[in-house]
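Chemist: Take a look at this one; I'll ask things after.
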Amino acid sequence: MRSASTLTCGGKKFMPRQSNRRELEDLESEGGVVMDRCVNLHEAELDPLPLEENDILAGRPAAAVKALGEFSGTEFGVWSLTSGTVRDVEVDEVFVVLEGDATVRFETGESIELTPGVFVRLHAGERTEWEVRSLLRKLYVAAG
């Protein structure tokens, strides 16, 4: 088990800034994510995110999320969705796909193919349909 005074990422250890050490220890004791400097987005454990039954259009998709923190009032974290098709109403967000294969379709008829490295901007209120062919994992930054 690692101590709160040392963070490990990519095989490297990082020492949190002295002024944040107590805050990080509190977060860790409450089961929160300790992110002061670095986190491996491919290995971060996500928490289940229930989907509304009427939003599932095909398959048995499961969503999960882990908020990693805030930056100037903007939330950032990791989100995933397993194979299937769901619909959603978006918030102001940008994201980059970390892994997976999917298509996001908009009410306007526009669609975007989602593969690793694709960077997307979503606008609050947009109605979307997500067709996921293999586990989709993204890093998101969303307006608070």
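Conditions tested, residue by residue: (1) in a strand (DSSP E or B); (2) without any contact (Cβ under 8 Å) to a residue 12 or more places away in the chain; (3) closer than 19 Å to Ala62 by Cα.
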residue	(1), (2), (3)
Val97	yes, no, yes
Thr103	yes, no, yes
Thr108	no, yes, no
Pro116	no, no, no
Gly125	no, no, no
Ser134	yes, no, yes
Lys138	yes, no, yes
Ala142	yes, no, no
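Chemist: A further question follows. Could you please give the count of residues in segment 27-60 that are under 21 Å from Arg133 (Cα atoms) and modelled with pLDDT under 70?
Modeler: Count: 0.
Chemist: Can you tell me which residue is surrounded by the fewest Cβ atoms within 10 Å (Cβ to Cβ) among those in segment 56-71 that are farther than 20 Å from Glu93 by Cα and touching a residue at least 24 places away in the same chain (Cβ under 8 Å)? It would help to see each step written out before you state the result.
Modeler: Our first condition is that a residue be farther than 20 Å from Glu93 by Cα; within segment 56-71, this holds for 56-62.
Now restrict to residues that are touching a residue at least 24 places away in the same chain (Cβ under 8 Å): 56-61.
Numbers: Ile56: 15, Leu57: 13, Ala58: 12, Gly59: 13, Arg60: 9, Pro61: 20.
Among those that are farther than 20 Å from Glu93 by Cα and touching a residue at least 24 places away in the same chain (Cβ under 8 Å), it is Arg60.
The values are calculated or read from the model by the stated rules, or taken from the named source; none is laboratory data. As the structure is a computational prediction, the values presented were derived from the model and not from experiment. Note that we place each Cβ from the backbone using ideal geometry, even for glycine, and neighbour counts take in every protein chain shown.
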